[in-house]
1. Can we say E378 is away from the ligand (no atom under 16 Å from the Cβ), open to solvent by 20 Å² or more (accessible area, probe 1.4 Å), on the phi < 0 side of the Ramachandran plot and assigned to a helix (DSSP H, G or I)?
2. Residues of the range 331-350 being surrounded by fewer than 23 Cβ atoms within 10 Å (Cβ to Cβ) and more than 16 Å from P293 (Cβ to Cβ), which ones?
3. Kindly indicate whether D282 is among the charged types (D, E, K, R), more than 16 Å from the ligand (Cβ to nearest atom) and either open to solvent by 50 Å² or more (accessible area, probe 1.4 Å) or assigned to a loop (DSSP other than H, G, I, E, B) (or both).
4. Looking at the range 211-277, what strands (runs of 3 or more DSSP E) fall wholly within it and have at least 1 residues that are surrounded by fewer than 20 Cβ atoms within 10 Å (Cβ to Cβ) and basic (K, R)?
5. Could you identify the single residue in Y362, Y351 that is of a type outside the set (K, R) and under 22 Å from the mean Cα position of the chain (by Cα)?
6. Residues G102, G70, G106, G118: which one is out of contact with any Phe, Trp or Tyr (no Cβ under 9 Å at 6 or more places or on another chain) and of a type outside the set (A, V, I, L, M, F, W, C)?
7. Conditions: (1) open to solvent by less than 20 Å² (accessible area, probe 1.4 Å); (2) within 16 Å of the ligand (Cβ to nearest atom). I42 meets all but one. Number of the miss?
8. Go through A305, A325, A317 for me and flag whichever is open to solvent by less than 10 Å² (accessible area, probe 1.4 Å) and within 16 Å of the ligand (Cβ to nearest atom).
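The values are calculated or read from the model by the stated rules, or taken from the named source; none is laboratory data. What you are looking at is a predicted structure, and each value in this text was computed from that prediction instead of being measured. Positions of Cβ are generated from backbone atoms using ideal geometry, with glycine treated the same way; all protein chains shown enter the neighbour counts. Side chains are part of the model used for accessible areas, which takes the heavy atoms of the whole protein and leaves out ligands, DNA and RNA. Shrake-Rupley method; radii C 1.70, N 1.55, O 1.52, S 1.80 Å.
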Amino acid sequence: MARLNPFAIAQQQLDEAAERLGLDAATHELLRWPMREYRFTIPVRMDNGETRIFQGYRVQYNDARGPTKGGLRWHPEETIDTVRALAAWMTWKTAVVDIPLGGGKGGVTCNPKEMSDGEKERLARAYIRAVGRELGVHRDVPAPDVYTTPQIMAWMMDEYEKLVGHSHPGMITGKPLPVGGSQGRGDATARGSVYCVREAGKVLDIDLAKTTYVIQGFGNAGQFAATLHPEILGGGTLIAASDSRGGVMNKDGMDPAALVRHKLETGSVLKFPGSEPISNEDLLELECDVLYPSALEGVITAKNAGDIKAKISCELANGPTTPEADKILFEKGVYVIPDFLANAGGVTVSYFEQVQNTYNYYWTLQDVYQQLDRKMTEAFGAVHEMSKRARAHNRLVAYMVAVTRVAEACKIRGWV
Ligand code: GLU
């Protein structure tokens, strides 16, 4: 099978929304492309004395609603098209939760699993020396994403502050607490998604305390979703979870906190006591109430969408479902909470972090939860309202909400 080009998918999704909205041709064309993009080489001295040249990217997709915002991925298969797609999705994400930011994304093609801490630090600092002049609280603000961490954000902030010669913590978010991070940023993506599931449960009239759930991708967001699902919804049974090495299941339920500990101790969910093994493919097709696709893009396709049996698919990952699969899931009646709504909690608390950095006064955990809940509930409500008028799958409906907001900002600025 040809490898899916995520940017072609992002453009196709926009095209459909533009058509439904009757968007004028100039606005449509403007929104199909990144406004600016940077590609650069990053030489890094490795521990063995050799110098390796990494490929780096930063895409500033659209800043009509505010400075561009979005994470940095360090992944062996990172390409400019992946970064473009993710930058486009950030644009719709910040718009759907109605925060005054645009969309951006960055990345480095590398395999952090094979790098020492020293090598990661040198790569982080070199990335900032290469592109730091294009970043800043009023321009473009990175954050963690696949395989990047709060520690990496701290090194980047430090390098940036050395370049500009003054304190500037708001240039990057997802930082550790002692250097200007926000309470509640760590689990914000997962927390926001569970708030969405809670709202979906009201609409679909599902007793959420009795739900079974499955986590595909037991990374940072997936692990938090595993424990937050029962905590926020008042119950629920985790019946399966997987990571890049494979999956485990137990129809009678697994203790999410114990599974997180097992993953942290052994590096994988495999061989969790009391579970049986299951492949990533089979896991997606399990009978359950809520499926959380939480790994990478392109896992629910035309090939397997017909076999998905979950009532709700809450997309913690970016881009897990292809456009063909969206149609199949819609016809089957699977209620999809699309990625850029479901996982918007991360960037929402990143925005809170920037706000706190700017006025140098920090909120309590309760403040963050409360504001996050309000933002996610409003965003879910806006998409649900639109869905009553437009008979279409939820992703298209969410696009219609987001694109309308970005297009309006472009028009008011006089760009189109
Ligand atoms: N990388 C996260 C995302 O895809 C967070 C971005 C941010 O906090 O800026 O939404």
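1. On the way: away from the ligand (no atom under 16 Å from the Cβ): yes; open to solvent by 20 Å² or more (accessible area, probe 1.4 Å): yes; on the phi < 0 side of the Ramachandran plot: yes; assigned to a helix (DSSP H, G or I): yes.
Judged against the criteria, E378 is a match.
2. Keep residues of the range 331-350 that are surrounded by fewer than 23 Cβ atoms within 10 Å (Cβ to Cβ), which gives 331-335.
If the condition is that a residue be surrounded by fewer than 23 Cβ atoms within 10 Å (Cβ to Cβ) and more than 16 Å from P293 (Cβ to Cβ), then E331, G333 are the ones that fit.
3. On the way: among the charged types (D, E, K, R): yes; more than 16 Å from the ligand (Cβ to nearest atom): yes; either open to solvent by 50 Å² or more (accessible area, probe 1.4 Å) or assigned to a loop (DSSP other than H, G, I, E, B) (or both): yes.
So D282 passes the test.
4. Those strands (runs of 3 or more DSSP E) span 246-254.
5. Values: Y362 fails: under 22 Å from the mean Cα position of the chain (by Cα).
Within the list Y362, Y351, the selection yields Y351.
6. G118
7. The single condition I42 does not satisfy is (2).
8. Numbers: A305 fails: within 16 Å of the ligand (Cβ to nearest atom); A325 fails: within 16 Å of the ligand (Cβ to nearest atom).
A317 is the lone residue from the list that is open to solvent by less than 10 Å² (accessible area, probe 1.4 Å) and within 16 Å of the ligand (Cβ to nearest atom).
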